[in-house]
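Below is one structure, written out as structure tokens; comments come after it.
The values are calculated or read from the model by the stated rules, or taken from the named source; none is laboratory data. Because the structure is a prediction, the values reported are computed rather than measured. When we count neighbours, we look across all protein chains shown, and the Cβ atoms used for this are built from the backbone with ideal geometry, even at glycine.
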Amino acid sequence: MGAEILLADNLMDAGEEPGGIAVAQTLEVADLLVAYLEQIGVEYVFGVPGGAIEPLFNAMARSQRRGGLRLVVARHEAGAAFMADGYARETGRLGVCCTTSGPGSTNMITGVASAHDNNIPLLAISGLPVLSSFGKGALQESSSAGVNAFAMFQHCTRYNAMVSHPSQFERMLANALMASHQAPGGPTHLAIPLDILRGAAPSLTPTYDLAALFKHEPILVDERAVQRLLKELRLSSHVVFLIGASCGEAIEAIMALVDLTKARFITTPDAKGFINPLHPSYCGVFGFGGHASANALLASTPDIVLAFGTGFSEFVSGGWCDSLLNGRLVHIDNSEENLMRSPMAMLHVHGNIYAICERLIELLIALPPSDIERMGKRREYQTEVTFQSPEGYHSEATPIKPQRLMKVLSERCPPDTRFLADSGNSMVWTVHYLQPRNRRIERVRHYVEGQMPEKRSGLANWLRVLMDFCPMGWAIGAAVGIARGNPTCPVVCITGDGAFLMSGQEMTVAATEGLTVVYVILNDSSLGMVKHGQRLAQAESIGCELPQVDYRKLAESMGIPGHVIYSPQELDALDFGAILQRKGPTLLDVHIDGEEVPPMMLRMKTLGTLK
């Protein structure tokens, strides 16, 4: 951003010297912050205004007038962080959220913590009262002299700093931006006092070219480890791949390896959206909400299991299952933090996942024809994905079976639909049963002729779910961020009535922005996972009931069209084509059979309450 453009919006109101020459105000730190965000390609900032952050909002208004960065106003600060999370997942750009001091900061922490546990690059900016007021009982004080919200961010960010002088600002911002993208990636936080934000910037234009730092990722390949992996593959007759959430850019190369090695593959719950669920070698999801077919594949004692891009947390490792975490495991990852979680593995291959796959493909196609032929004769294994309750998938009963709802969404939504599933039963039903039938079979490039599989941007993910921290209501805000980042694709947010009562107001942001988001509420008037968890554990039934709410009327009060759906016939009659082309959100209040038990036994097992 040129200095003349930045200064043009800061002309003094009175401001001409004799001779008609305009006198420019000194550039504020807030304007320099906006200039850096523009430099690295950020289009939107998600936030809630307040006094301590006002200079940043002023700077964003000036940027917006010249066609630059745009503000999206959330209804709650956690929602702003969820939106920034969704935006980052969809665009590959940095998600940015901002809030005022005090309760604004503490509200935002939940969304930042969620991004931290899911390795989402995000910059959180919070305001503070002026420095001279610290310790005097300033309104919404959140520095070390008050309710120390700044320190709270230390435990859920990759970098956390308070700017106490304008000369520190650029260095601290550069550190935050770099830390957000260093493997495994995650959120960073800057707390900036009001007087620093409105103070004179140390330079008229950005000193650092931070955009260059985001364009080039080091291509690291541990050649010795890759050669050892090649040897193991040549000796193995039963090969299994586990695809994790960090495989977005490498998924085409991984699928090429599946084809070359004749391996069977499974995914973690948060990686299902990378693949075609009808692929002939796919055996389902392993982990929370997963499939018996995936468990059976690992229990069949494969010679070698290649795990790509995963940290083996509870939900993605089957509760740290021995059939996965053993001496047959090869862990391939760019994150040393993730690799530390698999000390039992026979081999760690550290580096850029795409580059490792590319090198392995080169080595495989250079093998003697006899080796290729031998790998092609590997034993056949059952590959049909097995559902927990397949009869529910086709049920015509009323109220609607959740499985039946997943079937309709799979069949009626176009190929470019982005699905999100909220924490709770929504995520379990979706991970287990949603399998869009019009997904393409992955194209395997002609690597035998020297053309390597394409490197994706990491954005081609049709299903997004949360692992680890899992706040309810995340999907409601994240859906706005995804739709704002990519308004050409319809977005379907599958959420529960409990999550919607927590965060449903963020739906109005989609209305304000004119974004095509369909909010599908699984309405059973209960906190479903709590209810079924208590039943399975033979515990007391308490605290799981919710009031009966007409969510269509609630949506209509916000100016959003809604539909109440009681039966499969009413669901089939919906005009999904019109709904998914409408500019603006739509709400579907789907009354589901609350007696259907979701595939949640893994959670009961790890809680130690399974009876």
Among (1) in contact with a His (Cβ under 9 Å, 6 or more places away or on another chain); (2) surrounded by fewer than 24 Cβ atoms within 10 Å (Cβ to Cβ); (3) part of a helix (DSSP H, G or I) - the single one Met255 does not satisfy = (2)
Mind checking whether some residue in segment 287-297 is crowded, with 24+ Cβ neighbours inside 10 Å, of a type in the set (Phe, Trp, Tyr) and touching a strand residue (DSSP E or B) at 6+ places or on another chain (Cβ under 9 Å)?
-> no
Find the helices (runs of 4 or more DSSP H) located wholly in segment 103-207 whose residues include 1 or more that are at positive phi, and list them.
-> none
Check segment 142-165 and report whether any residue there is touching an Asp or Glu at 6+ places or on another chain (Cβ under 8 Å) and hydroxyl-bearing (Ser, Thr, Tyr).
-> no
Just a yes or no: is a residue in segment 528-535 assigned by TED's automatic domain parsing to the domain that holds Ala478, closer than 25 Å to Tyr566 by Cβ and β-branched (Val, Ile, Thr)?
-> yes
Picked from segment 535-548 (must be farther than 19 Å from Ala499 by Cα and in a loop (DSSP other than H, G, I, E, B)), the residue nearest to the chain's Cα centre (by Cα) is Ala537
Does Ala397 fit the bill of being closer than 26 Å to Cys247 by Cβ, aliphatic (A, V, I, L, M) and either surrounded by fewer than 19 Cβ atoms within 10 Å (Cβ to Cβ) or at pLDDT 90 or above (or both)?
-> no
Please work out which residue is farthest from Leu177 (Cα to Cα), limiting yourself to segment 67-88 and to residues that are of a type in the set (A, V, I, L, M), in a helix (DSSP H, G or I) and in contact with a Phe, Trp or Tyr (Cβ under 9 Å, 6 or more places away or on another chain).
-> Ala78
Can you name the number of the only condition in (1) part of a helix (DSSP H, G or I); (2) farther than 30 Å from Arg62 by Cα; (3) of a type in the set (A, V, I, L, M) that Ile266 fails?
-> (1)
Output yes when any residue across segment 463-482 is at positive phi, crowded, with 24+ Cβ neighbours inside 10 Å and modelled with pLDDT of 70 or more, and no when none is.
-> yes
Every residue from segment 58-86 that is touching a strand residue (DSSP E or B) at 6+ places or on another chain (Cβ under 9 Å) and without any contact (Cβ under 8 Å) to a residue 24 or more places away in the chain = Ala61, Gln64
Is there any pair with a first residue in segment 337-366 that is closer than 23 Å to Gly186 by Cβ and a second that is acidic (Asp, Glu) and not in a loop (DSSP other than H, G, I, E, B) whose Cβ atoms are under 8 Å apart and which are 6 or more apart or on different chains, and what are they?
-> Leu339/Asp333; His348/Asp333; Val349/Asp333; His350/Asp333; His350/Glu336; Ile353/Glu249; Ile353/Asp333; Tyr354/Glu249
From His532, His563, residue being of a type outside the set (Ser, Thr, Tyr), surrounded by fewer than 21 Cβ atoms within 10 Å (Cβ to Cβ), over 19 Å from the mean Cα position of the chain (by Cα) and within 18 Å of Ile592 (Cβ to Cβ) = His563
Any residue in segment 134-148 that is within 20 Å of Gly111 (Cβ to Cβ), at pLDDT 95 or above, among the hydrophobic types (A, V, I, L, M, F, W, C) and touching a Ser or Thr at 6+ places or on another chain (Cβ under 9 Å)?
-> no
Subset of segment 481-522 [closer than 20 Å to Leu405 by Cβ and assigned to a helix (DSSP H, G or I)] = Asp497, Gly498, Ala499, Phe500, Leu501, Gly504, Met507
Can you pull out the residues in segment 95-135 that are more than 21 Å from Met467 (Cβ to Cβ) and in contact with a Leu (Cβ under 7 Å, 6 or more places away or on another chain)?
-> Val96, Cys98, Ser101, Leu123, Ile125, Gly127, Leu128, Pro129, Val130
Checked segment 190-226 for anything buried (at least 20 other Cβ atoms within 10 Å of the Cβ) and either at pLDDT below 90 or in contact with a Lys or Arg (Cβ under 9 Å, 6 or more places away or on another chain) (or both); matches are Val226
So Asn326 clears everything in (1) touching a strand residue (DSSP E or B) at 6+ places or on another chain (Cβ under 9 Å); (2) within 25 Å of Gly86 (Cα to Cα); (3) surrounded by fewer than 24 Cβ atoms within 10 Å (Cβ to Cβ) except one condition, right? Which one?
-> (2)
Among the numbered conditions (1) of a type in the set (S, T, N, Q); (2) within 26 Å of Pro436 (Cβ to Cβ); (3) within 23 Å of the chain's Cα centre (by Cα), tell me where Gln505 comes up short.
-> (2)
Give segment 549-595 a look and list any residue that's in a helix (DSSP H, G or I), under 21 Å from Leu515 (Cα atoms) and small (Gly, Ala, Ser), or say none.
-> Ala555, Ser557, Gly577, Ala578
